[in-house]
Structures are given as structure tokens and as C-alpha cells.
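FYI, it's all coordinate maths here, none of it is from the lab. Since the structure is predicted, the reported quantities are computational estimates derived from the model, not experimental observations. With ideal geometry, Cβ positions are generated from the backbone for all residues, glycine too; neighbour counts draw on all protein chains shown.
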């Protein structure tokens, strides 16, 4: 049976931003995977406060909808709390035996992977595919900083949302630069992230 190489792109997507979209476009266009499955975390293992799961799934779908080869899965809701990468990999592998999963991870968390629950099994089932992140070493170019993806974080996006809600024009301009337009419209329509209410 021929296998399809599928990148498992897990994350909070709280909210999704241009960096997420470009990461998926990068692995697809570079031929590193044939498809990408974006999987919003249902319940953060460290108890981080997140926007409601249905809203994060909806935003992820809006962010990726234009990009062929990317699908957003709500599988972690079915699996319940707490969300564990290994359980997600096992569930997707059981449903899709024709997939060869690769776990997409940023180079900024390479030093933390050994702390993950059952990381050796994760590595066996879905060998990690390292995405160079700004501010972290590029594993494909030892000694060099990563340059492929932009330096954007959801934490900074939420800060810009708060600033824009207070009338800060720079915050509003930053949002236009780093958040997909349909996602930004959804955030404002739904009044997400507290001070981001319309």
C-alpha cells in the first residue's frame, strides 16, 4: 500500500497567524510532505487559557482554507482532556493506515522535546520535521539563525489586538500585517480575546 506523507501541525492556534500559514506552505512547497493536517489543541497540557475550541478550529479553517493540501482536524475534541500528542498521533494513524505522519515542530522547542510525554514513541510513529523558527538555531545550517519563517507569535498577536482595541494605530497596522484577513474579521465579529471585542 502506497503511503502519503502527512505533516501533523499541532498548536493552540490562539489565534492562527501568517506564520502558521507560511509554515504549512513551506513544507508543502518544499516537497517535505504531501499534505498537512492542522490540529488545534483541545485542552492545553500546561493549563494555558485559550479561546474556546470551536472558535480556534473555525479560525484555523479560515486561515488555511485557501491553501491546497491543508486540512483542519478537530480530532482532539473527540479524544478529550488532557490533549496528548501521542494520543493524537495514534488516533490519526489508526484512522489512516495509509499515512506516514511527520510531526511538524519549531526549532525553538528542540530542547524541550525530551520532556514530552512518551517522546520516544512519538518520534517512532511520527518522526519530527523541524521548522526553522526565528531566534532559534537552524538545524539544517549549524551555527546559523533560522531565516525561513517570520518572527510572529500568537502572544504578540493578542497583545496587538488589545492595543488596537485601545485605539493604538500601530497595533491595528500590525494586525493587518500578521493575521489573515478572514481570521481578523472573525475575531472582531465574535469579540474574542477580551479587549478585542468590536
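Some points to look at:
- Acute angle (nearest 10 degrees) that the helix 181-190 long axis makes with the longest principal axis of the chain, alpha-carbon atoms: 60 degrees
- Crossing angle, helix 154-165 versus the chain [Cα axis fit, 0-90 degrees, rounded to tens]: 10 degrees
- With the helix formula -39500 (n - 2.57) applied to DSSP H stretches of n ≥ 4, the chain reaches a computed 222 nm mean residue ellipticity of -11500 deg cm²/dmol.
- Nearest 10 degrees, 0 to 90: helix 53-64 Cα axis against the chain principal axis: 80 degrees
- Choice from 20, 117, 44 showing the highest fluctuation, given a GNM over the chain with Cα pairs closer than 10 Å: 117
- Ordering 104-110, 94-100 by mean Cβ neighbour count within 10 Å, with the highest value first, yields 104-110, 94-100.
- Among [x] -0.29, -1.25; [y] -0.34, -1.34; [z] -0.39, -1.16, the entry derived from the coordinates for log10 I(q)/I(0) by the Debye sum over Cα atoms at q = 0.09, 0.18 Å⁻¹: [y]
- Each Cα pair under 8 Å and six or more residues apart adds its sequence gap; the mean of these over the residue count of the chain is a relative contact order of 23 percent.
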